[in-house]
Amino acid sequence: MTIETDKLGTFTSPDDAMPAQLTNDEIVQRKAQRRVDANALASIFFEARTANGFLNEPVPHELLSEAVELALTGPTSANGLPMRIVFVESPAAKERLRPALSPGNLEKTMAAPVTAIIATDLHFYDLFPRTFPERAQMFGGLYAGMEPAVRRAHAWDNALLQMGYFIVAARALGLDAGPMAGFDRTSADAAFFPDGRWASQYLINLGYGDDTKLFPRLPRLRADEIARFV
């Protein structure tokens, strides 16, 4: 199966539907061929690190847009797609962000080429006519009728799920990411989302990491410690 992308990462495939006459074994074999190679695994997981500093090099907007497009292909509940991103890169915008930063994150964030504010759209359900047109009325009514706290939790959880996709996408495209929860969300919301529709969740510094500023990799747990087969 040949899958190509345009410059913004939109997938196009002339044969993305598997022929109906394939056996289960053949389908499994074709899916197994999708497994990425060792170089891709290294780029996304094994060699990728949480960046603590960056080279003084700009990040092309096209590359960030491509990472967003890739992240948007990941699943969310009812295809709600609540994640929103503001890429903070200008000196003026960084100054607006400064009051929200914790002391430990201040210097590296102000120096990073780009800082992504990951947010969730609390009114994501308004877009179901685009994201789930076949059931837009049903899902729109369902979420609009929820208690605000329940609806917010749903939007929050699914946007964080998308943030994980975005970090993996950025790594796959050769960027380094430094996600941070250490900031004042109330201050960030007042500076960037004063209408209250979007709510900030995480900050991610992005760029080409300065590997001389990396901390040693901390130990990870083993799969057999955290996973069970039942």
(message) As an exercise: evaluate Lys213 against (1) more than 30 Å from Ala92 (Cα to Cα); (2) more than 20 Å from the chain's Cα centre (by Cα) and give the number of the one condition it does not meet.
(response) (1)
(request) Looking only at segment 45-62, count how many residues are aliphatic (A, V, I, L, M) and either touching a Ser or Thr at 6+ places or on another chain (Cβ under 6 Å) or surrounded by fewer than 17 Cβ atoms within 10 Å (Cβ to Cβ) (or both). (result) 1
(message) Between a residue in segment 114-140 that is more than 14 Å from Trp198 (Cβ to Cβ) and surrounded by fewer than 16 Cβ atoms within 10 Å (Cβ to Cβ) and any residue that is modelled with pLDDT of 95 or more and polar (S, T, N, Q), which pairs come within a Cβ distance under 9 Å, given they are 6 or more apart or on different chains?
(response) Pro129/Gln137
(request) Go over the candidates Pro129, Pro179 one by one and state the one that is farther than 28 Å from Leu101 by Cβ and either at pLDDT 95 or above or within 13 Å of the chain's Cα centre (by Cα) (or both). (result) Pro129
(message) Looking only at residues that are free of Cβ contacts under 8 Å to residues at least 60 places away in the same chain and aliphatic (A, V, I, L, M) in segment 141-159, which one is farthest from Ser77 (Cα to Cα)?
(response) Ala149
(request) Please identify the pairs in which a residue from segment 11-34 that is closer than 28 Å to Glu69 by Cβ has its Cβ atom under 9 Å from the Cβ atom of a residue that is at pLDDT 95 or above and not in a helix (DSSP H, G or I), counting only partners at least 6 apart or on another chain. (result) Phe11/Thr73
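Tell me, yes or no, whether segment 208-222 has at least one residue that is of a type in the set (A, V, I, L, M), buried (at least 19 other Cβ atoms within 10 Å of the Cβ) and outside any helix (DSSP H, G or I).
Restricting attention to segment 208-222, the residues satisfying the condition of being of a type in the set (A, V, I, L, M) are 214, 218, 221.
If we keep only those that are buried (at least 19 other Cβ atoms within 10 Å of the Cβ) too, we end up with none.
No, segment 208-222 has no match at all.
Restricting attention to segment 144-190, and to residues there that are among the hydrophobic types (A, V, I, L, M, F, W, C) and not in a helix (DSSP H, G or I), which single residue is farthest from Ile117 (Cα to Cα)? Steps first, answer last, please.
Filtering segment 144-190 for residues among the hydrophobic types (A, V, I, L, M, F, W, C) gives 144, 146, 149-150, 153, 155-156, 159-161, 163, 166-170, 172-173, 175, 177, 180-181, 183, 188, 190.
Keeping just the survivors that are not in a helix (DSSP H, G or I) gives 146, 173, 175, 177, 180-181, 183.
Numbers: Met146: 26, Leu173: 19, Leu175: 16, Ala177: 12, Met180: 10, Ala181: 11, Phe183: 11 Å.
Step by step, filter segment 144-190, then rank; the result is Met146.
Going through segment 189-230 one residue at a time, which ones are over 30 Å from Leu122 (Cβ atoms) and of a type in the set (Gly, Ala, Ser)?
Of everything in segment 189-230, those that are over 30 Å from Leu122 (Cβ atoms) and of a type in the set (Gly, Ala, Ser) turn out to be Gly209, Ala223, Ala227.
The values are calculated or read from the model by the stated rules, or taken from the named source; none is laboratory data. A quick note: this is a predicted structure, and the numbers were derived from the prediction, not measured. Quick reminder, even Gly has a Cβ in these numbers, built from the backbone with ideal geometry, and neighbours come from all protein chains shown.
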